[in-house]
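Beneath this line is the structure, given in C-alpha cells, with notes to follow.
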Amino acid sequence: MQKKVINLGLAGFGTVGTGLARIIQENSNWIRRRLGKELKILKILVRDLEKKRTFLPGPETEMTADLEDLVHDPDVDIVVELMGGVETAHEVITRALREKKHVVTANKALLAERGNELFSLAYEQEMGLYYEASVAGGIPVVQTLKESLSGDRIRSLTGILNGTANFILTEMTHKGLDFATALQAAKDLGYAEADPSLDIDGIDSAHKLVMLIRLAHGRDYSLNLLPVEGIARVRAMDISLAGEFGYKIKLIAQVREKSGHLQAGVFPALLPEEHILAKVDGPFNSVLIHGNAVGQVMLYGQGAGDLPTGSAVLSDVLSLARDNAVPNNTGFLEKILPKADIVKPELAVSRHYFRFTAQDKPGVLAAVAGVMSEHDISIAQVVQKQELPGGAGVPIVFLTHKAQLSAVRRALEIIDRFDFITASAVHYRILG
C-alpha cells in the first residue's frame, strides 16, 4: 500500500473495537513514526446505529448497519472483523477478501472451525488474513511462531490459554474456594461471561490450540478430533491434596511432536510448583514453546481486555500496511495445510494422580494396587486421609510413575466397580 493514509473498516465496535480506536488515537504520532503513514477508521459496521458509544474515533468516521456498505467501499483498505460469532463474521471476511481487501480478525472460533477455507480464499486472492489477537490477547504468539521461530522445528507447545479458567483455579488454590464460589468471583470481576461454558469446558482453549498447531507444525488438526476436558469437575479437595504433594492444577493446552505425528489435547493437569507455568496466576495467559534450535521460549501476558487485544489487532494492521509483497497468513507456502498425522489420545504417556473414595476396611489398598499392577501402572506414592464427614468414605491418593492413558482408563473402570468404592475416581495427568 503506497498510500499515505490507510483507511480501516471495522466490523463490530464492542470492547476490542473501542480499545483499538483508543490506541490509534492516543498513539497516532508513534504509529506514524513506525509506519510512515496515518491510520484512519473510515467506517464502522454496527448492529444498532442508535446505541450510545463510550468512545468515538472522530467526526469523519461513518457508522453503518449495512454490511455491503462496509465491504464494497473502495476507500476501505483493511477490514477489521471484531464481531465474534461464526456465520456473519464468515460472510464479512469472505466478502472482504473477494473485494481484494486485507482482513484482520480476532475471531478464534471462526478460524478454528473454518480457517482452512478462509486461508485458502486469502491465498487465491493474494490478500492478507491476519489474526494475532485471536490467540492469547496481547501476547505476540502468532507472530513469534509465524516469523521469529519460522526456522525452528517446534517439538512441543504447552500453554495456559484461558484467563477465566486460570483465574478460577488460582482463586481455588490461594483462597481455598470451591468451584462455584470461584466462578462467581470471576463473573463479579468481569472475567467470566454470564454463560461461561466456553471457558470452563475448555472449548476456548481448544479453539486457540488448533490455531497454534497450524502455526507451529503446518498441519490442520481438526477441532472435532481434539480431546478436550474442562475444569468444571475440579474440586477444592484435589487442589489442596495436589498442593500437599507440591503441585498446582492448571488447565493445559498442549501439542507435542512424536516422530512426525502430533499428540494434542486440552485438560486439567498437575504441574510441579517450581514449573514455570505453575507460577502463572490470575487472568493471565502463557505459552511455553520448545524448538529444536532455540530451546525453550516463554511468552506471558494478558490474554484478554480492550487495550491488550486492541494492541494485537493493531500489530496486524501495521504489518499489512507495510507494503509486504506476499502476505504471510499461515507461515507456510501451501494453499491448504495438510491434515495432521494424529497420535491416538489414549496412547499418551505421563505420570498420573488418582483420588479414590473408599470404605475404611482392610484390603482396600491391596485390591486397588493389584489392579494397577495388572495394567502396568507403577505406584510412586500413596496417602490415605481421614474419613470424610457423614461416613462418605476415606480419600486415598495415588501418584504414579509414567503410564499409558489407555491402561489408566481400563484400570479405573475396574476399580470404580469395586463394592468398597463409594464415589467415582478422580484422575488428572501430571506434567513436568
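Any read-out appearing in this document is the output of simple, stated calculations on the displayed coordinates, not a laboratory observation. Being a predicted model, the structure only gives us computed values, none of them experimental. Note that each Cβ is placed from the backbone with ideal geometry, even for glycine, and that neighbours are counted across all protein chains shown.
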If the requirement is being basic (Lys, Arg), closer than 22 Å to residue 138 by Cα and not in a helix (DSSP H, G or I), which of these qualifies: 208, 250?
250
Taking only the range 62-79 into account, find how many residues are more than 14 Å from residue 6 (Cβ to Cβ), touching a strand residue (DSSP E or B) at 6+ places or on another chain (Cβ under 8 Å) and not in a strand (DSSP E or B).
6
Whether any residue in the range 269-286 is surrounded by fewer than 23 Cβ atoms within 10 Å (Cβ to Cβ) and under 30 Å from residue 336 (Cβ atoms) is what I want to check.
no
Tally up the residues in the range 80-96 that are within 24 Å of residue 38 (Cα to Cα) and either assigned to a loop (DSSP other than H, G, I, E, B) or over 26 Å from the mean Cα position of the chain (by Cα) (or both), please.
2
Just to be sure before I move on: is residue 297 among the β-branched types (Val, Ile, Thr) and surrounded by fewer than 19 Cβ atoms within 10 Å (Cβ to Cβ) in the structure I sent?
yes
Can you tell me which of (1) surrounded by fewer than 24 Cβ atoms within 10 Å (Cβ to Cβ); (2) part of a helix (DSSP H, G or I); (3) of a type in the set (Asp, Glu) is the one residue 199 doesn't meet?
(1)
Among the residues of the range 223-280, what is the count of those that are over 19 Å from the mean Cα position of the chain (by Cα) and of a type in the set (Asp, Glu)?
4
Scan of the range 330-343 for residues that are surrounded by fewer than 19 Cβ atoms within 10 Å (Cβ to Cβ) and either within 21 Å of the chain's Cα centre (by Cα) or not charged (D, E, K, R) (or both), ordered by number
331, 332, 333, 336, 338, 339, 342, 343
Pairs with Cβ under 7 Å, 6+ apart, first in the range 218-233 and surrounded by 16 or more Cβ atoms within 10 Å (Cβ to Cβ), second charged (D, E, K, R)
219/339; 220/214; 220/339; 223/113; 230/201; 232/201
Scanning the range 401-432 for residues that are assigned to a helix (DSSP H, G or I) and of a type outside the set (A, V, I, L, M), the one farthest from the chain's Cα centre (by Cα) turns out to be 416
